[in-house]
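All of the numbers you see were taken from the coordinates with simple rules; none came from a lab. Note that this is a predicted model, so its numbers are computed, not measured. In this analysis, Cβ positions are derived from the backbone assuming ideal geometry, glycine residues included, and neighbour counts consider all displayed protein chains.
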């Protein structure tokens, strides 16, 4: 029988050498990790506390600050000039005076340092505006976590009926658990025809709470604000209205703001103003809207906050340093609430608008040119005929902000309009003109949001813009082959005159004119081939085309008659 134990004896030295090599390798790896760390700890141990605090602040700001250009400040050069003041400061108070002075060079409202033993006020502790990411990381905007969230929520919401049919609701902050308390308050006030929302003195709060409050007044999913980080590989972070409060309110709304309205309260006020959902009354807000990721404990027990998120309104405008301008400026704080009541007073109402947009949807898209066709369905309170100026919310920079609908009436309640992109999110009626009497009626209607009816008009259809009846006639297939006129064929191009009404109301559009050029380069005919639908812009483009001078078209060296397309673009200044 084979003796396995005796057979393995010659191989035991090989096994011991292999085991020794493994142990040596493990020791080397551990030493490579532990020795540098121990050396670093020893080196840091010989540094002064002031030097360690200085290094932590400078490094953290340098790596985490949302603006890689530091607002034009030469951060590291500034830090070098403050190093001796901070590292060798004679006391903690002197060290933090120098640190605050250094950080102040960044010129923002949120980046700050606080000395050891710093204790925020009860109001500040109840006002942490955190952004919850998918990863579970939380972002804070000015304030600290509430020590008692239920108590913070109850102390942050105050409501009552202030006049017949008018509710008053004050939000002192946006703590974690405000949705339940706010929903309770709004359930009590839902029967009132109008509401005054008081955001004066509100320093901000949890971003989820801001979105929950916004969802009471705006459709779910409506963009409230967006934030951009230093490294925004996936684009800005979007914050939208939610239904967490479990209640909605569609009555008239006035929001009170002042110079102490800050952070998330400013974001909410601007969103309600931007979507024409509320009238803002008071004074200019603080303009302090930035995000802060993590509060870092410093070596001496102090605290560092670094702004890491640049917040913007739904229209993309940066709110930090800019703030929100109210619709009605009232400097005297004692007069702001009476002014809000006057705005909502039944005895002095605004003229009733006979036209409102009841539905707004995307009717079709042109995949070739990127155009979108939007549908409008109006509600008309009488049998008169109007033209309506419709304000478009969500227009991109360079796009018009209004659309003029030529005829609106009980027999013509629907219309469509073309837009260069699919960016519009809501529409509202600015004013209407009675086509019988010629009188103009200003409107303050609530906005109709895209697909607010649940898209009852069917699926969005693709369309070819050449098939649209722009000039009250269908463009046949042969028209598609009409070439665009070359600049070399235009001897004298007359620029179109921007109509006064459209220029004043920032109405833009595009008009493509089909011109028939005969012998001698004369314009034999001109007609609208395609346009955004505005009559005045069409006429201005036709007039410009007729007054332009073209080169004589020729075929085989002989004068001929040819059709060309010429495009005119009207951009509001």
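Taking R0 as 60 Å, what's the FRET efficiency between residue 552 and residue 109 from their Cβ-Cβ distance, rounded to 0.05? Write down the numbers at each step before the final one.
Values: r = 66 Å, r/R0 = 1.10.
That pair, residue 552 with residue 109, gives E of 0.35.
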I want to check the label-to-label distance for residue 284 and residue 317. Put each point 7 Å from Cα in the C-beta direction and report it in nm to one decimal.
1.2 nm
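Among 522, 558, what is the fewest-to-most ranking by other Cβ atoms within 10 Å? It would help to have the intermediate numbers written out before the result.
Details: 522 13, 558 8.
Ranking 522, 558 by Cβ neighbours within 10 Å, fewest first, gives 558, 522.
Between residue 160 and residue 233, what length comes free when the chain is fully extended (0.36 nm per residue of separation minus the Cα-Cα distance, one decimal in nm)? Working shown, then result.
Working: separation 73, 0.36 × 73 = 26.28 nm, distance 4.63 nm.
Length gained, residue 160 through residue 233: 21.6 nm.
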Of the listed peptides 64-75, 207-218, 158-169, what is their order by residue-averaged count of other C-beta atoms within 10 Å, with the highest listed first?
207-218, 158-169, 64-75
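Calculate the FRET efficiency for residue 332 and residue 97 from the Cβ-Cβ distance with a Förster distance of 51 Å, rounded to the nearest 0.05.
On the way: r = 37 Å, r/R0 = 0.73.
Efficiency, rounded to the nearest 0.05: 0.85.
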Theoretical gain in end-to-end length, residue 16 to residue 506 [0.36 nm per residue, Cα-Cα removed]
167.7 nm
A student applying the Cα gyration tensor rule (rounded when a/c is under 1.5; otherwise prolate if a/b is larger than b/c, oblate if not) would label the range 190-263 oblate
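Report the full-extension gain for the segment residue 63 to residue 539: residue separation times 0.36 nm, less the Cα-Cα distance, to one decimal in nm.
That works out to 165.6 nm of additional length.
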For residue 525 and residue 88, extending 7 Å from Cα along the Cα-Cβ vector and measuring point to point gives, in nm, a value of 9.2 nm
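Classify the range 49-107 as rounded, prolate or oblate from the Cα gyration tensor: take a ≥ b ≥ c as the square roots of its eigenvalues, call it rounded if a/c is under 1.5, otherwise prolate when a/b beats b/c and oblate if not.
Numbers: a/c = 2.20, a/b = 1.84, b/c = 1.19.
Verdict is prolate for the range 49-107.
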Okay, which of the range 553-573 sit inside 19 Å, backbone N to the point 7 Å along the Cα-Cβ direction of residue 492?
553
